1. For the condition within 19 Å of Thr46 (Cα to Cα) and within 13 Å of the chain's Cα centre (by Cα), what is the one hit in Val124, Val84, Val102, Val106?
2. In region 91-107, what residues are hydrophobic (A, V, I, L, M, F, W, C) and open to solvent by less than 20 Å² (accessible area, probe 1.4 Å)?
3. For residues that are open to solvent by 70 Å² or more (accessible area, probe 1.4 Å) and in a strand (DSSP E or B), scanning just region 14-24, find the one that is farthest from Leu125 (Cα to Cα).
4. Any residue that is under 30 Å from Ser112 (Cβ atoms) and surrounded by 12 or more Cβ atoms within 10 Å (Cβ to Cβ) - is there at least one of those in region 65-80?
5. Condition first: touching a Ser or Thr at 6+ places or on another chain (Cβ under 7 Å) and assigned to a strand (DSSP E or B). Can you find one or more residues in region 82-89 that meet it?
6. If the Cβ limit is 7 Å and pairs must be 6+ apart or interchain, which residue in region 115-134 that is over 19 Å from Val84 (Cβ atoms) pairs with which residue that is open to solvent by 50 Å² or more (accessible area, probe 1.4 Å) and of a type in the set (D, E, K, R)?
7. Name the one entry in Ser97, Ser72, Ser132, Ser78 that is modelled with pLDDT under 95, in contact with a strand residue (DSSP E or B) (Cβ under 7 Å, 6 or more places away or on another chain) and either outside any helix (DSSP H, G or I) or within 26 Å of His32 (Cβ to Cβ) (or both).
8. Might you check whether a residue that is of a type outside the set (Lys, Arg), modelled with pLDDT of 95 or more, farther than 18 Å from Asn134 by Cα and in a helix (DSSP H, G or I) occurs anywhere in region 42-52?
Amino acid sequence: IGLASGNHSANLTIYDSTSGASQILPITLTMHAAKLVANPASASITINSATPISGLQTIITVTDELGGNNNSQAVHWSLNSIDVPWLKWSSTSGVSSPSTQVAIGVDPTKLSVLPAGTYTGHVVLNYQSSDSSNGTLTVPMTLNLQLPLVQTVSYYIATANTAGSVIL
């Protein structure tokens, strides 16, 4: 539209060509700068014994309410926080126009201490819109972990072809 952020007011005059009467209607249009959005808004990963390494992450598009199509409305963002140690986010900052593809995923080195179950983590992004207003965007991530957890491994030594008891 080309209007700056803020309130814009005008009067709309309607004329009746038959009677010559007119009616004035006040109109107010409120414009705001584009805000940051993620598409999809959340992520979910299921990990089981058949999950390939490529299945440990998924792609999120970080863009703005205008789809990243208007450079003058670009939103600048930066990574604020990740609240769980198993969650990874591939970029520390970016801009919404053009849209940015970001990998959100799981750090495989952190899985060995997690029992099977469902976990949730959050990536929080800070952003500044083109009108200098600040905001945050939270991207939730659900991890459905379906791996067995090995807590101990015991070994034993026995002599072949010898009778005896083995206590584990």
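The values are calculated or read from the model by the stated rules, or taken from the named source; none is laboratory data. Bear in mind that the values here come from a model prediction, so they are computed numbers and not experimental data. Here Cβ is always computed from backbone atoms with ideal geometry, including for glycine, and neighbour counts include all displayed protein chains. When the accessible area is computed, the model is the full protein with side chains, heavy atoms only, and any ligands, DNA or RNA have been set aside. Shrake-Rupley method; radii C 1.70, N 1.55, O 1.52, S 1.80 Å.
1. Values: Val124 fails: within 19 Å of Thr46 (Cα to Cα); Val84 fails: within 13 Å of the chain's Cα centre (by Cα); Val106 fails: within 13 Å of the chain's Cα centre (by Cα).
None of the others qualify; the one that does is Val102.
2. The initial filter retains those residues of region 91-107 that are hydrophobic (A, V, I, L, M, F, W, C), namely 95, 102-104, 106.
Those that are hydrophobic (A, V, I, L, M, F, W, C) and open to solvent by less than 20 Å² (accessible area, probe 1.4 Å): Val102, Ala103, Ile104, Val106.
3. Within region 14-24, the match that is farthest from Leu125 (Cα to Cα) is Tyr15.
4. So in region 65-80, the residues under 30 Å from Ser112 (Cβ atoms) come out as 79-80.
Cutting the leftovers down to surrounded by 12 or more Cβ atoms within 10 Å (Cβ to Cβ) gives us 79-80.
Checked region 65-80: at least one residue is under 30 Å from Ser112 (Cβ atoms) and surrounded by 12 or more Cβ atoms within 10 Å (Cβ to Cβ).
5. First pass over region 82-89, keeping only residues touching a Ser or Thr at 6+ places or on another chain (Cβ under 7 Å): none.
For region 82-89, residues touching a Ser or Thr at 6+ places or on another chain (Cβ under 7 Å) and assigned to a strand (DSSP E or B): absent.
6. Final answer for the pair search is Ser129/Lys35.
7. Values: Ser72 fails: in contact with a strand residue (DSSP E or B) (Cβ under 7 Å, 6 or more places away or on another chain); Ser132 fails: in contact with a strand residue (DSSP E or B) (Cβ under 7 Å, 6 or more places away or on another chain); Ser78 fails: modelled with pLDDT under 95.
Matching residue, one of Ser97, Ser72, Ser132, Ser78: Ser97.
8. no
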